[in-house]
């Protein structure tokens with residue numbers, strides 16, 4: 001029966017997820033809303049997802065408008081006309097309900113997150129990247145999987161403060177020369193779609209040659225830029241560690257009777273931005289596709 005095909009299974013899982021999200025929307029609409037703040041961000045136009053981010057103008061909605069925007073964002077899984085399908089739609093923010101609301105919300109949030117995990121599992125079973133894309137495109141045209149995967153966050157307890165900020169960092173991994181050589185040898189087996197076997201092998205040979213010219217004890221770093229994205233910094237009153245940081249892709253739900261200090265999300269880049277000390281990683285990359293640099297201690 002068609003019920004057991006991967007396509008039908010994925011559609012069925014999406015239907016179950018959307019039904020659970022609709023129940024959450026009804027429930028949140030019935031609970032007393034103590035406060036709500038969300039910060040709409042501009043969409044990323046098609047073809048500009050890899051462009052350097054120079055500036056982000058942040059909007060603001062509060063109260064019932066923030067609640068309505070939150071419910072729409074929770075159920076937003078599809079591409080928008082003219083917008084990039086490679087950049088997820090983000091809505092940083094938070095909503096506060098009474099502490100007693102947690103017992104009503106917790107089971108439904110857990111169910112929704114389990115549905116999201118099951119959806120992701122079905123996609124992963126499809127195989128390689130092309131097979132995954134084909135499955136989702138066939139079953140649910142226009143759906144952006146990363147927006148389906150994002151879990152909802154429910155917080156309970158006594159928070160001292162909550163602050164939004166922008167993460168604009170670089171991911172740095174320390175590697176030895178031998179570790180990078182092993183990576184290169186493994187990469188021989190994975191030929192990109194736009195290369196043939198001979199071209200790829202020749203390029204890897206050159207990379208191995210360049211690497212072997214370095215001293216055996218050379219300290220190497222892979223330095224990759226991390227996409228600019230909003231984060232939430234939490235400071236708890238009633239637990240250790242007191243500090244916690246979360247990605248702010250969707251509004252979080254806080255069940256607490258205590259009003260807390262808030263730092264709202266500002267425009268990017270912040271006006272006051274401390275100059276960082278120069279990293280001792282620089283010059284031209286040794287292997288550009290790996291973002292591999294020599295560490296100059």
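The values are calculated or read from the model by the stated rules, or taken from the named source; none is laboratory data. The structure presented is a predicted model; accordingly, all values stated were derived computationally and were not measured. We place every Cβ from the backbone using ideal geometry, glycine too, and count neighbours over all the protein chains shown.
Applying the criterion of being without any contact (Cβ under 8 Å) to a residue 60 or more places away in the chain and surrounded by fewer than 14 Cβ atoms within 10 Å (Cβ to Cβ) to the residues of segment 118-127, the residue that is nearest to residue 19 (Cα to Cα) is 121.
Of all the residues in segment 128-159, those that are surrounded by 14 or more Cβ atoms within 10 Å (Cβ to Cβ) and either touching a residue at least 40 places away in the same chain (Cβ under 8 Å) or not assigned by TED's automatic domain parsing to the domain that holds residue 97 (or both) number 17. The set of residues in segment 222-256 being in contact with a helix residue (DSSP H, G or I) (Cβ under 9 Å, 6 or more places away or on another chain), modelled with pLDDT of 95 or more and part of a strand (DSSP E or B) consists of 253, 255. Considering segment 231-241 alone, what residues qualify as being surrounded by 12 or more Cβ atoms within 10 Å (Cβ to Cβ) and farther than 19 Å from residue 39 by Cβ? 235, 236, 237 - these are the residues of segment 231-241 that are surrounded by 12 or more Cβ atoms within 10 Å (Cβ to Cβ) and farther than 19 Å from residue 39 by Cβ.
Residues considered: 132, 151. Of these, the only one that is within 21 Å of the chain's Cα centre (by Cα) and modelled with pLDDT under 95 is 132. Has segment 75-95 got at least one residue that is within 25 Å of residue 265 (Cα to Cα), assigned to a helix (DSSP H, G or I) and under 19 Å from the mean Cα position of the chain (by Cα)? No, segment 75-95 contains no residue that is within 25 Å of residue 265 (Cα to Cα), assigned to a helix (DSSP H, G or I) and under 19 Å from the mean Cα position of the chain (by Cα). The single condition from (1) part of a helix (DSSP H, G or I); (2) in contact with a helix residue (DSSP H, G or I) (Cβ under 6 Å, 6 or more places away or on another chain); (3) within 30 Å of residue 25 (Cβ to Cβ) that residue 110 fails is (2). Does segment 183-205 contain any residue that is surrounded by fewer than 11 Cβ atoms within 10 Å (Cβ to Cβ) and more than 30 Å from residue 130 (Cα to Cα)? No - not one qualifying residue is present in segment 183-205.
Taken over segment 40-56, the criterion of being farther than 17 Å from residue 167 by Cβ and modelled with pLDDT of 95 or more is satisfied by 40 alone.
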